[in-house]
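Working notes, beginning with the structure itself.
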Amino acid sequence: MPKGIAIFARLAQYGKFHITILLIAERGLKVPKKKIEIAKPEGKLGVMTCGMGAVATTFIAGVETIRRNLARPIGSLTQMGTIRLGKRTDRRSPLIKDFVPLANLDDLVFSGWDIFPESCYGAARKAGVLNDSHLNEVKDFLEEIRPLPAVFNRKYVKRLNGPNVKRGKTKMDLAKQLMEDIQAFREKNGLSRMVVIWCGSTEIFMKPGPVHQSIASFEKGLRASDPGIPPSMIYAYAALKLGIPFANGAPNLTTDVPALLQLALENKVPICGKDFKTGQTLMKTIIAPGLKARMIGLNGWFSTNILGNRDGEVLDDPQSFRTKEESKLSVLEYILQPDTYPELYKDFYHKVRINYYPPSGDNKEGWDNIDIFGWLGYPMQIKIDFLCRDSILAAPIVLDLILFMDLAQRCPEMARKGIQEWLSFYFKSPMCAPSLYPEHDLFIQLIKLKNTLRYLRGEELITHLGLEYYD
Ligand SMILES: NC(=O)c1ccc[n+]([C@@H]2O[C@H](COP(=O)([O-])OP(=O)(O)OC[C@H]3O[C@@H](n4cnc5c(N)ncnc54)[C@H](O)[C@@H]3O)[C@@H](O)[C@H]2O)c1
């Protein structure tokens, strides 16, 4: 047995036998190593997407293509990533999907809501992300998936209008209809578990108000159709009320309010968000930590994008753009810590622009001009021209989030925490406990995610200290 490890066996609550290992690390830190219960992923996992546009259909078509062995799950950490365990000399690096009990892709069943009634095949063709040869291979499957009528109100997404919309006397009626949809999908497909994920449009900028302060005020607001409750919150409420995990792929306020946080905690349901980290912000959170690591200063960072998909059209509305802008702007402040490093990062200029340009379709182009300075203050510049495909980057994130949120719901220790901060890796604006600031650095986020998985499986956390190899 390695030096400094003490093992305590104890009879835990509920009469079950647990073993707790206390690992005394070199610095005298006690790292608890516990056996944590995770139920097996038995049966079918239902996935409901709020919104079945470019991201959702690229995700669903991709999963089916992969299930038919016609492509590889590139970009998905759960499917392709490995995790190092123990010392570097141990040579233990299993695939993440073999290390933690994740649902199998074959067990995923799809449904969702959209304001447009076309099947996933029609919506995917319109989105123009995947080419015809890819889509035709899974056409039969995609045609079978038709969006359920949505909870929608143009007040919150001004540039959209569609016919496939629910009617209800109050917002509470609409929430009940969503719950009926969820239950019907569960029963029809004999699902053992579900995850709901927001892949719908970006709503107008909103701030928490009195109606969001408690579950009681929120439910009163639903019954009174309070304008402070946008559709995304109605979906989240319906899912959380039924004990179903909810992930938020847009920058919408949604679950970032006390009432829904409280509901998640009360019902012990995992939640996470917000705003999938793809494209330009992904690049930002890769490059900024590197500049800070080398103590290189920043004078300004100008980011502009052109994109021509429906998301771009929605974001052309200033109120929806404001929601996105807040989400995109915050990352540099948190990563660079101007208060800690005023000589390097105080008053840097940061601007983000998104321009709707139809000819680009989903193939977004993002330019960054970064003005930096080095030794003795000498200026330098970095220019990035990222010709990316938004939904191609987002689809594997959706898959990973669904599988990890399902893992969290099968693990009481994780589910009862509500917010799954370890999934920050996937978001532009990661949710975290109200008393914390979010972690934006992609590399810290990855360490956090992998250490969480190690923790869940009772493996030693990796500190990358490495001195022990030289003793
Ligand atoms: N593509 C990316 O890389 C990326 C990255 C981060 C965030 N996002 C966000 O993900 C979301 C989806 O992006 P997309 O490219 O698929 O957009 P999209 O416009 O192609 O799809 C969104 C779909 O949501 C539907 N919708 C809008 N409001 C709805 C409601 N209340 N109920 C049900 N359906 C509703 C729309 O009709 C549309 O079909 C957007 O909010 C976008 O900002 C996307």
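The values are calculated or read from the model by the stated rules, or taken from the named source; none is laboratory data. This is a predicted model, so every value here is computed, not measured. Don't worry about glycine lacking a Cβ; one is built from the backbone with ideal geometry, like all the others, and counts go over all protein chains shown.
GLN381 fulfils the conditions (1) free of Cβ contacts under 8 Å to residues at least 24 places away in the same chain; (2) in a strand (DSSP E or B); (3) over 28 Å from ILE444 (Cβ atoms) except for a single criterion, (3). The residues of region 385-422 that are away from the ligand (no atom under 14 Å from the Cβ), touching a residue at least 40 places away in the same chain (Cβ under 8 Å) and in a strand (DSSP E or B) amount to a single one, ILE419. Is there a residue in region 240-257 that is away from the ligand (no atom under 13 Å from the Cβ) and aromatic (Phe, Trp, Tyr)? Looking through region 240-257, at least one residue is away from the ligand (no atom under 13 Å from the Cβ) and aromatic (Phe, Trp, Tyr).
Annotation: of all residues in region 370-408 being among the β-branched types (Val, Ile, Thr) and surrounded by fewer than 23 Cβ atoms within 10 Å (Cβ to Cβ), the one that is farthest from SER201 (Cα to Cα) is ILE372. Return the only residue of PRO396, PRO379, PRO342, PRO359 being within 30 Å of LEU453 (Cα to Cα) and not small (Gly, Ala, Ser). Being within 30 Å of LEU453 (Cα to Cα) and not small (Gly, Ala, Ser) holds for just one of PRO396, PRO379, PRO342, PRO359, which is PRO396.
For (1) more than 16 Å from the chain's Cα centre (by Cα); (2) free of Cβ contacts under 8 Å to residues at least 60 places away in the same chain, each residue gets a yes or a no:
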position: TRP198; (1), (2): no, no
position: PRO208; (1), (2): yes, yes
position: VAL211; (1), (2): yes, yes
position: LEU222; (1), (2): yes, yes
position: ILE234; (1), (2): yes, no
position: ILE244; (1), (2): no, no
position: GLY249; (1), (2): no, no
position: THR255; (1), (2): no, no
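Residue-wise test of (1) under 16 Å from ASP385 (Cβ atoms); (2) at pLDDT 95 or above; (3) more than 16 Å from the ligand (Cβ to nearest atom); (4) basic (Lys, Arg).
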| site | (1), (2), (3), (4) |
| --- | --- |
| PRO289 | no, yes, yes, no |
| ASN305 | yes, no, no, no |
| ASP311 | no, no, no, no |
| LEU315 | no, no, no, no |
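Annotation: GLY290 fulfils all but one of (1) closer than 28 Å to PRO396 by Cα; (2) buried (at least 19 other Cβ atoms within 10 Å of the Cβ); the unmet one is (2). Check region 338-357 and report whether any residue there is among the hydrophobic types (A, V, I, L, M, F, W, C), out of contact with any strand residue (DSSP E or B) (no Cβ under 8 Å at 6 or more places or on another chain) and in a helix (DSSP H, G or I). No, because not a single residue in region 338-357 is among the hydrophobic types (A, V, I, L, M, F, W, C), out of contact with any strand residue (DSSP E or B) (no Cβ under 8 Å at 6 or more places or on another chain) and in a helix (DSSP H, G or I). Just one of the listed residues (ASP400, ASP371) is within 24 Å of the chain's Cα centre (by Cα) and among the acidic types (Asp, Glu), namely ASP400.
Within this structure, ARG146 passes the test of being free of Cβ contacts under 8 Å to residues at least 40 places away in the same chain, within 16 Å of the ligand (Cβ to nearest atom), surrounded by fewer than 21 Cβ atoms within 10 Å (Cβ to Cβ) and within 21 Å of VAL47 (Cβ to Cβ). Here is a check on your reading of the model: is ILE74 within 16 Å of the ligand (Cβ to nearest atom), of a type in the set (Val, Ile, Thr) and either within 18 Å of LEU401 (Cα to Cα) or modelled with pLDDT of 95 or more (or both)? For ILE74, the condition - within 16 Å of the ligand (Cβ to nearest atom), of a type in the set (Val, Ile, Thr) and either within 18 Å of LEU401 (Cα to Cα) or modelled with pLDDT of 95 or more (or both) - is met. Got a number for residues in region 173-202 being in contact with a Gly (Cβ under 9 Å, 6 or more places away or on another chain) and either assigned to a helix (DSSP H, G or I) or polar (S, T, N, Q) (or both)? Number satisfying all stated conditions: 10.
Please go through region 153-172 and pick out each residue that is under 15 Å from SER232 (Cβ atoms) and outside any loop (DSSP other than H, G, I, E, B). Selection gives VAL165, LYS171. Listed conditions (1) surrounded by fewer than 18 Cβ atoms within 10 Å (Cβ to Cβ); (2) away from the ligand (no atom under 14 Å from the Cβ); (3) under 30 Å from ILE204 (Cα atoms); (4) more than 24 Å from the chain's Cα centre (by Cα) are all met by MET179, apart from (4). The numbered conditions (1) in a loop (DSSP other than H, G, I, E, B); (2) farther than 26 Å from SER424 by Cα; (3) within 16 Å of the ligand (Cβ to nearest atom); (4) of a type in the set (Gly, Ala, Ser) are all true for GLY122 except (1).
In region 67-80, the count of residues that are under 27 Å from VAL314 (Cβ atoms) and not hydrophobic (A, V, I, L, M, F, W, C) is one or more. Would you please name the residue that is surrounded by the most Cβ atoms within 10 Å (Cβ to Cβ), looking only at residues in region 238-262 that are out of contact with any strand residue (DSSP E or B) (no Cβ under 9 Å at 6 or more places or on another chain) and part of a helix (DSSP H, G or I)? Applying the filter and picking the extreme gives ALA259. Of the residues that sit in region 68-104 and are of a type in the set (Ser, Thr, Tyr) and in a helix (DSSP H, G or I), which one is surrounded by the most Cβ atoms within 10 Å (Cβ to Cβ)? Of everything passing the filter in region 68-104, THR78 is surrounded by the most Cβ atoms within 10 Å (Cβ to Cβ).
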